[in-house]
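In what follows, a single structure is set out as structure tokens and then discussed.
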Amino acid sequence: MIRTTLATALLLSTTAHAGEIWVTNEKDDTVSVISTDTLEVIATYETGERPRGIIFSKDFSKVYICASDSNTVQVMDPTTGKILHDLPSGEDPEQFVLHPNDKHLYIANEDDAITTVVDVESRTVIAQISVGVEPEGMAVSPDGKIAITTSETTNMAHWIDTETQELFANTLVDSRPRHAEFAKEGTEMWVSSEIGGTLTVFDTGNQAEKAKITFEVQGVHPDKVQPVGFEFTTGDTHAFVALGPSNHVAVVNAETFEVEDYILVGRRVWHMDFNEDRSKLFTTNGVSGDVTVIDVASREAVKSIKVGRFPWGAAFRPTQ
Amino acid sequence: MYRFLAVIGVLCCAQPALSDVTLEATYLHVEVPLPPTLSNLDPIPHDIGLAGVRTGLADNETTGKFLGQTHILTEVMVSEGDDALAAARTALARSPYLILHAPADVQTAIADLPAAQDALIFNVSEGDISLRDADCRANLFHTLPSDAMRTDALAQFFVTKRWSDLVMIAGTHPQDLAYARAMRRSLEKFGLSLSAEKTWEFDADMRRNASQEVPLFTQDFGDYDAMILADELHDFGRYVLYNTWEARPVTGSEGLSALTWSPVIEQWGAAQLQSRFSEAHSRAMQSPDYAAWAAIRTLGEAVTRTGSAEATDVRAYMLSTDFTLAGFKGRPLTFRPWNGQLRQPIALAHPRALVAQAPLEGFLHHVNELDSLGLDQPESTCEAFQ
């Protein structure tokens with residue numbers, strides 16, 4: 001692991017916005033709150049069992065947490081760490097996404113081959129959609145018209161019309177899709193395939209495959225290069241892609257679909273999020289139990305921060 | 001006489017069909033009498049293997065419904081003394097896909113049937129090395145690891161731990177002898193050897209006097225680093241642990257074991273497969289269940305990707321570099337094109353936790369690290385795939 005305190009100091013001096021990165025610790029039943037300023041854990045809150053997906057409401061007044069083994073989505077007050085109430089979620093919620101309307105959570109129920117749509121205001125389930133085996137990756141288009149669920153064993157991206165809450169397309173991807181994101185104002189939809197070792201880029205308009213991105217990490221067997229979580233930089237020019245047990249994050253040029261860099265991080269890197277101006281990226285490293293801070297401009301790992309056991313999800317919250 | 005247990009099919013399709021394909025397969029289980037063991041603590045489930053194939057079928061059906069593909073499974077149980085070959089002929093007349101839980105000699109006899117020449121048969125029950133070696137068949141694939149893959153996994157662990165002074169106690173059943181042979185071969189492959197070997201030939205009931213007998217029985221081994229048990233029917237091995245003269249780890253068939261699958265595997269998304277399985281079958285998933293699951297999932301994957309249920313297309317796809325199976329073991333699983341063995345990591349586990357997973361770090365291979373486990377191409381005398 002790379003620990004460069006000098007670089008950290010440099011980085012701090014240029015930080016304009018304060019904020020926090022919230023990290024779910026899958027095997028500690030906690031969330032760790034990291035200050036994007038000091039790069040230290042400033043709070044740890046208890047959650048339900050096996051917390052994984054984490055997302056903030058649009059005004060950041062609430063944080064939603066998938067407590068997978070408690071079979072619920074918990075709603076927490078991020079200023080106090082208190083659980084406000086639970087939401088119905090279907091069994092084993094893993095990942096979810098909040099619709100731009102700030103009301104509808106689309107939740108992947110991993111054990112049930114179902115995507116559950118929950119209204120966070122009325123706290124009721126408004127739809128359940130049958131999808132493939134082990135749904136995991138969730139995304140929603142910026143205009144809110146399309147939601148995506150990827151299914152790990154069926155190896156598909158399922159396209160949901162959010163008006164009718166019905167599937168309108170199912171597209172095959174490589175083995176074990178894990179994460180999905182819309183890019184470039186919703187014109188592209190990207191899916192990572194962990195076992196296939198690829199990212200597939202779809203044209204949202206016709207759901208046709210537009211590009212496939214492969215990875216090659218020097219000194220790491222291709223079988224261990226397993227793309228999982230990914231996020232886009234400002235303007236969607238680049239994607240930072242977690243490559244699981246290869247312990248690297250890839251930097252992909254989103255125009256040419258070529259990999260430009262590989263950054264060594266902690267062990268079994270899984271998900272990630274940026275700070276407010278997207279100058280720093282925080283990756284969760286499941287096996288090493290820490291979070292790596294990457295300086296986006298220099299593409300270097302500048303610090304690792306110890307969190308709980310098996311950190312999984314990450315979400316940013318501004319504090320001023 | 002054999003009996004049909006069920007015919008399961010899915011005929012629905014809510015989504016636009018990409019291809020209108022039906023894959024029909026048979027699960028054929030030939031029942032074999034097992035000798036009695038000292039303890040009845042761990043009975044073999046009556047649906048061993050079958051439960052795995054059912055779980056895999058459900059996975060295939062879910063995928064199939066989005067593609068307009070139908071999966072049909074016929075389950076056939078051949079009772080002791082009944083004609084397995086006749087059952088196989090009937091099954092092969094219906095479908096070229098046969099998932100087989102049967103002794104090795106029955107497997108080769110079925111594979112040699114004229115009706116089986118264009119079939120794809122999956123061995124889900126036998127670790128017999130010869131089936132991957134001189135007795136291999138071009139139509140016989142193996143989703144269960146060979147004994148050699150499992151003993152190589154343990155040997156890698158011994159090397160990593162620097163446990164070089166090893167002793168072995170082997171039972172007298174053919175399965176024990178086969179395991180002991182595989183172990184000797186693995187130790188030689190990784191530059192290790194046995195300093196002593198003994199045969200377990202007691203006919204006393206060890207539940208009552210293991211604490212008296214085992215220390216004496218193991219005393220003349222002297223000092224050593226680890227003990228290996230070849231007790232594949234789980235007869236005496238459980239009484240050896242903690243009763244050895246020297247306080248040393250016990251490995252092999254008991255203690256630290258090299259396994260295809262175990263309830264303690266929860267990484268790599270395995271927790272999902274485990275819970276799906278145990279919810280459906282009210283028990284934990286075992287190795288033959290996993291092998292049967294992998295077999296039917298291989299067929300499902302081939303049909304999904306090729307859009308064809310023709311055996312020649314499925315076989316070509318399975319042996320191509322395009323094929324990968326996501327098998328919840330942390331790496332893509334593929335078939336060895338020289339003997340039809342499914343490459344896969346091997347769990348090194350005790351009953352309460354996963355200790356390590358082979359191939360262990362540092363055991364390299366110029367094609368695929370998984371080929372450091374089991375018969376590698378230059379070692380295998382299998383010619384049927386050429």
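Worth a mention:
- Placing dummy labels 7 Å off each Cα toward the beta-carbon, the span from B:Ala138 to A:Thr256 is 4.6 nm.
- The count of lysine pairs in chain A with alpha-carbon distances below 15 Å, taking only pairs 8 or more places apart or on different chains, stands at 7.
- Between A:Ala43 and A:Arg267, the FRET efficiency estimated from the beta carbon spacing at R0 = 35 angstrom works out to 0.90.
- For the protein assembly as shown, the pair-distance distribution built from all alpha carbon pairs, in bins 20 Å wide starting at 0, is 17, 47, 30, 5, 0 percent.
- Across the range A:90-193, counting alpha-carbon atoms alone, Rg and Dmax equal 12.2, 38 Å.
- Sites A:Asn101 and A:Ala18 - FRET efficiency at Förster radius 30 Å, r taken between beta-carbons, to 0.05: 0.60
- The angle between the Cα long axis of helix B:270-281 and the main principal axis of chain B comes to about 80°, on a 0 to 90 degree scale.
- Taken along the Cα-to-beta-carbon direction at a fixed 7 Å, the label points for A:Asp59 and B:Ala93 span 7.3 nm.
- Angle in degrees between helix B:84-94 and the longest Cα principal axis of chain B, rounded to the nearest 10: 30
- Label-point separation, B:His366 to B:Ser278 (7 Å along Cα→Cβ), nm: 4.5
- Gyration tensor verdict on chain B (Cα atoms; rounded if a/c is under 1.5, prolate if a/b is larger than b/c, oblate otherwise): prolate
- Label zone (A:Gln320, point 7 Å along Cα-to-C-beta; backbone nitrogen cut-off 20 Å) within the range A:59-90: A:60-61, A:78-80.
- Prolate/oblate/rounded label for chain A (Cα gyration tensor, a/c 1.5): oblate
- Listed residues A:Thr187, A:Val131, A:Thr116: farthest to the positive end of the dipole of the range A:54-206 (Cβ charges): A:Thr187
- Residues of the range B:84-111 with an amide N closer than 18 Å to a point placed 7 Å from the Cα of B:Glu310 along the Cα-to-Cβ direction: B:95-97.
- Distance cut-off 24 Å, percentage of C-alpha pairs in the range B:66-212 lying past it: 51
- Only DSSP H runs of four or more residues enter the estimate; each adds -39500 (n - 2.57), and after division by the residues of the protein assembly as shown the mean residue ellipticity at 222 nm equals -6000 deg cm²/dmol.
- Cut-off 16 Å (backbone N to label point 7 Å along Cα→Cβ of B:Lys198), residues of the range B:233-247: B:236-247
- Across B:Thr63, B:Thr251, B:Thr321, mean-square fluctuation computed from a Gaussian network of chain B (C-alpha pairs under 10 Å connected) peaks at B:Thr321.
- Tensor-based shape of the range B:180-265 (alpha-carbon gyration tensor, a/c under 1.5 rounded, otherwise prolate or oblate): oblate
- Within a Gaussian network of chain A (alpha carbon springs, distance under 10 Å), most fluctuating of A:Val125, A:Val173, A:Val265: A:Val125
- The range A:75-154 versus the range B:304-380: alpha-carbon centroid distance in Å: 35
- Across the range A:123-258, counting alpha-carbon atoms alone, Rg and Dmax equal 14.7, 50 Å.
- Modelled FRET efficiency - R0 30 Å, B:Ser130 with B:Leu41, Cβ distances, 0.05 increments: 0.40
Computed from the coordinates by the stated procedures, all read-outs in this text should not be read as laboratory data. Just so we're clear, the structure is a prediction, and the values are computed from it rather than from any experiment. When we count neighbours, we look across all protein chains shown, and the Cβ atoms used for this are built from the backbone with ideal geometry, even at glycine.
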